[in-house]
1. Among residues other than residue 120 whose Cβ falls under 9 Å from its Cβ, what is the net charge (Lys/Arg +1, Asp/Glu -1)?
2. Please give the net charge around residue 106, taking every other residue with its beta carbon less than 15 angstrom from that of residue 106, where Lys and Arg add +1 and Asp and Glu add -1.
3. Apply the Karplus curve 6.51 cos²θ - 1.76 cosθ + 1.60, θ = phi - 60°, to the phi angles in the range 89-103 and return the couplings in whole Hz, x for Gly and Pro.
4. List residues of the range 124-145, by number, whose backbone nitrogen lies under 17 Å from a label position 7 Å along Cα→C-beta of residue 116.
5. Starting from the amide H of residue 31, placed 1.01 Å from N in the peptide plane, find each other amide H under 5 Å away whose residue is 5 or more places distant or on another chain.
6. Net charge near residue 41, counting Lys/Arg +1 and Asp/Glu -1 over other residues with Cβ under 12 Å of its Cβ?
7. What's the extension gain from residue 144 to residue 77 if we count 0.36 nm per residue and subtract their Cα-Cα distance?
8. Using the number of other C-beta atoms within 10 angstrom as an exposure proxy, rank 31, 113 with the fewest first.
Amino acid sequence: MATLLPFVISLLSLHAGAIRASDQSLPLVRFQGCYDGDTCTTTDAEKVRLACIDAPEIKNRPRLRATKMRPTAYDNSSSERSAENLRALVLGRLVGIRRITTDRYGRTIAELFVDNRNVGQQQVANGHALISQRYSSLCAWTARF
């Protein structure tokens, strides 16, 4: 029995170390800008796409405009509001990042956290983005919406 005691103690200390390691806070990043309501670039030039949400895209005007184009054909007001809200949430702050994967464009797909609040979830709650049904399984919070 005495020979098992050091072994049990070492196992318990390893287990305690593993618990502490998994409870560590997320890596922190700073953002230099946001392109739209779900894509930003860090100060280290890492392009990050918010996981599980889809925000309005910025529509580019064509070089040659058709003569009978509707005045609202390139209305970017919703995409600009979405991008502005995301900028207000993340620029100038240390942001926690949970990297999930990389997309086909080389962007990091991640969840972002500011003050322990999920940034993607805030974009949805504020009406600046929708939950992407295709990728919602990557984020546990989407089940509550």
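1. Values: positive: none; negative: 38, 111.
That sum, taken over residues with Cβ under 9 Å, equals -2.
2. Values: positive: 47, 49, 99, 104, 107; negative: 44, 46, 103.
Combined, the nearby Lys, Arg, Asp and Glu give +2.
3. 6, 10, 5, x, 10, 7, 10, x, 10, 10, 6, 10, 6, 10, 8
4. In the range 124-145, the label zone of residue 116 (backbone N under 17 Å from the point 7 Å along Cα→Cβ) covers 141.
5. 43, 92, 93
6. Details: positive: 30, 47, 49, 87, 107; negative: 36, 44, 46.
Counting the neighbours of residue 41, the net charge comes to +2.
7. Values: separation 67, 0.36 × 67 = 24.12 nm, distance 2.81 nm.
Net length gain for the segment: 21.3 nm.
8. Numbers: 31 23, 113 20.
Taking fewest neighbouring Cβ atoms as first place, the list is 113, 31.
Each value in this text was obtained by applying a stated rule to the coordinates, not by laboratory testing. Note that the coordinates shown come from a computational prediction; the quantities given were computed from them, not determined experimentally. Quick reminder, even Gly has a Cβ in these numbers, built from the backbone with ideal geometry, and neighbours come from all protein chains shown.
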